[in-house]
Amino acid sequence: MSLDNQVWQLLGEIEQLMQEQALWGSCAPELSVFESSEPFCIDTMSPEEWLQWVFIPRMRALVEGHNPLPTRIAIAPYFEEAFNLRAENHQSLIDALHQIDRLLNKDTL
């Protein structure tokens with residue numbers, strides 16, 4: 001399976017897990033929250049909002065446009081920390097995020 005197909009499949013899995021874990025929102029946030037210059041829009045969005053409204057759409061756009069995918073990525077550690085204090089169990093989502101991190105990280109020699 002091509003890298004694009006693997007990424008596409010993982011993005012679908014992440015979306016499904018977010019829906020199952022009641023993390024998927026039905027309404028997009030205000031446009032102003034997208035203007036953040038902070039990593040993960042940490043000052044304007046919740047982690048799940050960033051995942052739903054920034055990461056997934058941007059990655060899907062890269063795949064659909066046959067554009068190069070990032071080769072250095074580390075989003076799972078952020079979500080491990082963000083979900084650490086929550087009572088809900090989001091381990092399956094974090095595992096899927098680790099998978100996408102591993103898939104996209106390429107060693108540069």
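The values are calculated or read from the model by the stated rules, or taken from the named source; none is laboratory data. Note that the structure is a prediction, hence the values are computed from the model and not measured. Positions of Cβ are generated from backbone atoms using ideal geometry, with glycine treated the same way; all protein chains shown enter the neighbour counts. Protein only, heavy atoms only, side chains kept; ligands, DNA and RNA dropped before computing areas. Shrake-Rupley method; radii C 1.70, N 1.55, O 1.52, S 1.80 Å.
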Problem set entry | the chain, accessible surface, carbon-and-sulfur percent (1.4 angstrom probe) | 51
Problem set entry | GLN9-ARG86 FRET efficiency (beta carbon distance; Förster radius 22 Å; 0.05 resolution) | 0.25
Exercise. So what's the gap between the Cα centers of segment 14-29 and segment 38-54, to the nearest angstrom?
Worked result: 13
Problem set entry | Ellipsoid semi-axes in whole angstrom, largest first, where each is sqrt(5λ) of the Cα gyration tensor of the chain | 22, 17, 15
Exercise. Considering only protein heavy atoms, what per residue accessible area in square angstrom results for the chain with a 1.4 angstrom probe?
Worked result: 61
Exercise. About its Cα centre, how strong a charge dipole does segment 1-105 have in debye, to the nearest 20, once Lys and Arg get +1 and Asp and Glu get -1 at the Cβ?
Worked result: 300
For this session: Rounded to the nearest 10 degrees, what's the angle between the helix 91-104 long axis and the longest principal axis of the chain, both from Cα atoms, 0 to 90?
Result: 30
For this session: Order these peptides, 42-50, 4-12, 59-67, by their mean beta-carbon neighbour count within 10 angstrom, highest first.
Result: 42-50, 4-12, 59-67
Problem set entry | SER46/ALA74 FRET efficiency (R0 22 Å; Cβ-Cβ; nearest 0.05) | 0.70
Problem set entry | Residue-averaged 222 nm ellipticity for the chain, from DSSP H runs of 4+ at -39500 (n - 2.57), nearest 500 | -14000 deg cm²/dmol
For this session: Please go through segment 2-33 and write out the GluC sites (Glu not before Pro) that DSSP classes as loop and that have at most 11 other C-beta atoms within 10 Å.
Result: GLU30
Problem set entry | the chain, relative contact order [Cα under 8 Å, separation at least 6], % | 33
